[in-house]
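Notes follow once the structure below has been shown.
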Amino acid sequence: MLNTKRLILRQWEQDDFIPFEQLCADTDVMEFFPKPLTPEESRDLGSRIRSLIQERDWGFWAVEIPDQEKFIGFVGLHTPNENLPFSPCVEIGWRLTKTYWGQGYATEAAKEALRYAFIELDVNEVVSFTSLVNRRSQAVMEKIGMSNTGQNFMHPDIEAGHILCEHVLYKIKKQDWQNTL
């Protein structure tokens, strides 16, 4: 479990799966993904995320606001598919319930996830990527000190020509992260 000033990042609990299904069915939340997820797809994804945290002690942690909201989404670290042009790597990512957008929660939790990556996992670099049109996620990437590499790529899991196919790649090196402290 990780703590920030306002948040807890933790292992997933069974009670997280219903709000996660609602999160992944929200067309605004899933705007920059190929499609919203069905309840079954959400449960499968949540179960995989939970299993990976159980195996490694890190991953896309469930995020809660203590004494206020048990589950507002996830933020954390992942090792994405090996078919990406910059793999192997450690990725940082997030997905929050729309109600909690614009309040700095993604940035706050992502900063703690970066700290974990660089201090606890001792990785030298963390990446993040999103579709070219997803300016909100790119803004979070910039707020946590990441830089656009200018190395856009076509995501291999999204149909060529689809508006979401072209992705931007952001990175931050441990040294650069340390310089922001």
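Average accessible surface for the stretch 1-121: 51 Å² per residue, computed with a 1.4 Å probe over protein heavy atoms with every protein chain in place. Within the listed set Ile72, Ile119, Ile53, the residue fluctuating most in the Gaussian network model of the chain (springs between alpha-carbon atoms under 10 angstrom) is Ile119.
Restricted to Cα atoms, the stretch 1-135 shows a radius of gyration and a Dmax of 14.2, 42 angstrom.
For Ala25 and Thr149, the FRET efficiency from 1/(1 + (r/R0)^6), where r spans their Cβ atoms and R0 equals 25 Å, is about 0.15. Our summary gives the stretch 1-125 a relative contact order of 23 percent, counting only alpha carbon pairs under 8 angstrom and 6 or more residues apart.
Of the beta bridges DSSP finds with both residues in the stretch 65-132, what % are antiparallel, to the nearest 5? Could the numbers behind the result be given before it?
On the way: 7 of 8 bridges.
The antiparallel proportion sits near 90 percent.
Near the amide H of Thr97, within less than 5 Å, lie the amide hydrogens of Gly73, all on another chain or at least 5 residues away, with H placed in the peptide plane.
Relative to the Cα centre, the charge distribution of the chain, modelled as +1 at Lys and Arg Cβ and -1 at Asp and Glu Cβ, gives a dipole magnitude of about 560 debye.
Heavy-atom surface analysis with a 1.4 Å probe gives the chain a carbon and sulfur content of 48 percent of its accessible area.
The values are calculated or read from the model by the stated rules, or taken from the named source; none is laboratory data. These figures come from a predicted structure and were not determined experimentally. Positions of Cβ are backbone-derived with ideal geometry, glycine not excepted, and every protein chain shown enters the neighbour counts. Just so you know, the surface numbers come from the protein's heavy atoms only, side chains and all, with ligands and any DNA or RNA stripped out. Shrake-Rupley method; radii C 1.70, N 1.55, O 1.52, S 1.80 Å.
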